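The values are calculated or read from the model by the stated rules, or taken from the named source; none is laboratory data. This is a predicted model, so every value here is computed, not measured. Glycine also receives a Cβ, built like all others from the backbone with ideal geometry; neighbour counts cover every protein chain displayed.
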Amino acid sequence: MDYILSILGPLAEGSLVTLKLFFITLALAVPLGLALALIRISRFTVASQAVNGYIWLMRGTPLMLQLLFIYFALPFVPVIGIRLPDFPAAIVAFALNYAAYFAEIFRAGIQSIDRGQYEGAKVLGFSYSQTMRRIVLPQVVKRILPPMSNETITLVKDTSLIYVLALNDLLRAARGIVQRDFTITPFIVAAGFYLLMTLVLTWLFQRLEKRHAVYD
Amino acid sequence: MPSMTEPATVNGPMILAEGIRKRFGAHEVLKGVSLTLAKGEVVAVIGPSGSGKSTLLRCLNHLETIDAGRLVIEGDVLADNDASGHARYVADAEVRRICRRMGMVFQHFNLFPHLTVLQNVIEAPVTVKGLKREAILPKAEELLRKVGLYDKRDAYPSRLSGGQKQRVAIARALAMEPDIMLFDEPTSALDPELTGEVLRTMRQLADEHMTMLVVTHEMGFAREVASRVVFMDGGELIESQPAAAFFASPQHPRTRAFLDSML
């Protein structure tokens, strides 16, 4: 028991890195994903196809590869060629990757809204952006809650990939202690930390779903 | 330049549609239909399904774009043929401004499910006209009383019957203070015992001299409430007569055949 208490400190520090990456990724990927989804369903064929290609690229290659590419290879790419520190590099990779997944969820959500909603809004004089903001997107939120709950829980666990950039997240902190003390207890405690985070997320999404169920 | 506030021709027709053509792919749904609506007129459009009557209605307020023809709403041109005979619309903002004078009620209500009854009625005046919620509230409540749903104002549409939903839809359209009301088969999706309450609300509106164009299968409504009945078939306007004359002595054999089949 004393041993567990003694490793809580370093594991909590690792969790902070994990949570920081988690929240910043969400804050960036949600608006970016929404923008991508709106372009994807727009009439601008070229832009829509470009987004399509982007989504294919981001979903079609491992997140780990994207992480390594942005950190190690981006500095050598002509024109762009910037060297990012490790944590910002991780944020860019995660935000770009998750925006692609979110974009598909948002697109499916938007396209599931009945045509009659657009027509009902149009005959009342709503512009396209007013229709989206006031009528369509509020209804989309409800429909995408289950897949978004899935993705955010996956994100919590995906954050552990940043060990490849030698960032001290929760899992890497646990592994360090395992190797130092020759005991697997830190892994079990780390699992407890992850479970706690996903529990909070699950509870949060359940509450959101309940709140949006009032108009069913 | 037409005035922004008053219709350019107060005594002219509310709706003037001339030679309206519309095709979906290879199928020509409207083959040059012309129709005028005077102020305060209640016109029922009847005809078999697929005759183009709903499409005609949807063309009037830009839910469908016409291929050829001329549309004038209260003296303001919405669309007109260019030199090559294709319809050209005025600028988008102008289209929205003109079409806003026409309220519309759909077969499937199209209420906003995430908003309560009262919010459904208030939403457009607040978002589109930029009115303050408090400014529109008395009017919205009055409209809900008028359609008999004041006690349902805080309910969500999913809790309402079809007839109640349609009455909310009428109140929602009226909240934008339209000069013309378009009804696209407003009772077709309702159980027979619920059509009465919707038709009563529409009759009330007609008694207040609202200009109305009603696509309907309700012959009783057409006969008793409409001032004029128009019969469409195969994308053409076959016959247009005052309601009494239309049912007493239909002129065209196709009209007669249709009326016979309805009995």
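Would you call residue A:121 modelled with pLDDT of 95 or more and closer than 27 Å to residue A:58 by Cα?
no
Looking at A:166, A:174, A:190, can you tell me which residue is at positive phi and either away from chain B (no Cβ under 14 Å) or surrounded by 13 or more Cβ atoms within 10 Å (Cβ to Cβ) (or both)?
Checking each option against the conditions leaves just A:166.
Say we look at the range A:28-59 and pick out the residues that are closer than 12 Å to residue A:102 by Cα and of a type in the set (Gly, Ala, Ser); which of these is nearest to the chain's Cα centre (by Cα)?
Looking at residues that are closer than 12 Å to residue A:102 by Cα and of a type in the set (Gly, Ala, Ser), I get A:29.
Any residue at all in the range B:161-174 that's assigned to a loop (DSSP other than H, G, I, E, B) and either within 13 Å of chain A (Cβ to nearest Cβ) or surrounded by fewer than 22 Cβ atoms within 10 Å (Cβ to Cβ) (or both)?
Yes, there is a match, as at least one residue in the range B:161-174 is assigned to a loop (DSSP other than H, G, I, E, B) and either within 13 Å of chain A (Cβ to nearest Cβ) or surrounded by fewer than 22 Cβ atoms within 10 Å (Cβ to Cβ) (or both).
Could you say whether any residue in the range B:93-105 is more than 22 Å from the chain's Cα centre (by Cα), loosely packed, with under 15 Cβ neighbours inside 10 Å and more than 10 Å from chain A (Cβ to nearest Cβ)?
No, that holds for no residue.
Just checking, how many residues over the range B:106-134 are surrounded by fewer than 17 Cβ atoms within 10 Å (Cβ to Cβ), within 13 Å of residue B:176 (Cα to Cα) and more than 10 Å from chain A (Cβ to nearest Cβ)?
2
Applying the selection to the range A:138-148, what residues are touching a residue at least 60 places away in the same chain (Cβ under 8 Å) and more than 10 Å from every other protein chain (Cβ to nearest Cβ)?
A:145, A:146 - these are the residues of the range A:138-148 that are touching a residue at least 60 places away in the same chain (Cβ under 8 Å) and more than 10 Å from every other protein chain (Cβ to nearest Cβ).
If you check residue B:189 against the conditions, is it out of contact with any Phe, Trp or Tyr (no Cβ under 9 Å at 6 or more places or on another chain), within 14 Å of chain A (Cβ to nearest Cβ) and in contact (Cβ under 8 Å) with a residue 40 or more places away in the chain?
When the stated conditions are applied, residue B:189 does not pass them.
Hey, could you check the range A:97-130 for residues that are in contact with a Lys or Arg (Cβ under 7 Å, 6 or more places away or on another chain) and outside any loop (DSSP other than H, G, I, E, B) and say which is nearest to the other protein chains (Cβ to nearest Cβ)?
Going through the qualifying residues, I end up with A:109.
Scan the range A:162-216 for residues that are out of contact with any helix residue (DSSP H, G or I) (no Cβ under 8 Å at 6 or more places or on another chain), of a type in the set (Phe, Trp, Tyr) and modelled with pLDDT under 95 and jot them down.
Once the filter is applied, which keeps residues that are out of contact with any helix residue (DSSP H, G or I) (no Cβ under 8 Å at 6 or more places or on another chain), of a type in the set (Phe, Trp, Tyr) and modelled with pLDDT under 95, the range A:162-216 yields only A:182.
Here are the criteria: (1) in a helix (DSSP H, G or I); (2) within 22 Å of the chain's Cα centre (by Cα). Tell me which single one residue A:189 does not satisfy.
(2)
Let me spell it out: the conditions are (1) in contact (Cβ under 8 Å) with a residue 12 or more places away in the chain; (2) surrounded by fewer than 18 Cβ atoms within 10 Å (Cβ to Cβ), and residue A:129 meets all of them except one. Which number is the exception?
Failed condition: (1).
Within the bounds of the range B:138-150, is there any residue that is of a type in the set (Asp, Glu) and crowded, with 17+ Cβ neighbours inside 10 Å?
No, there is no match, as no residue in the range B:138-150 is of a type in the set (Asp, Glu) and crowded, with 17+ Cβ neighbours inside 10 Å.
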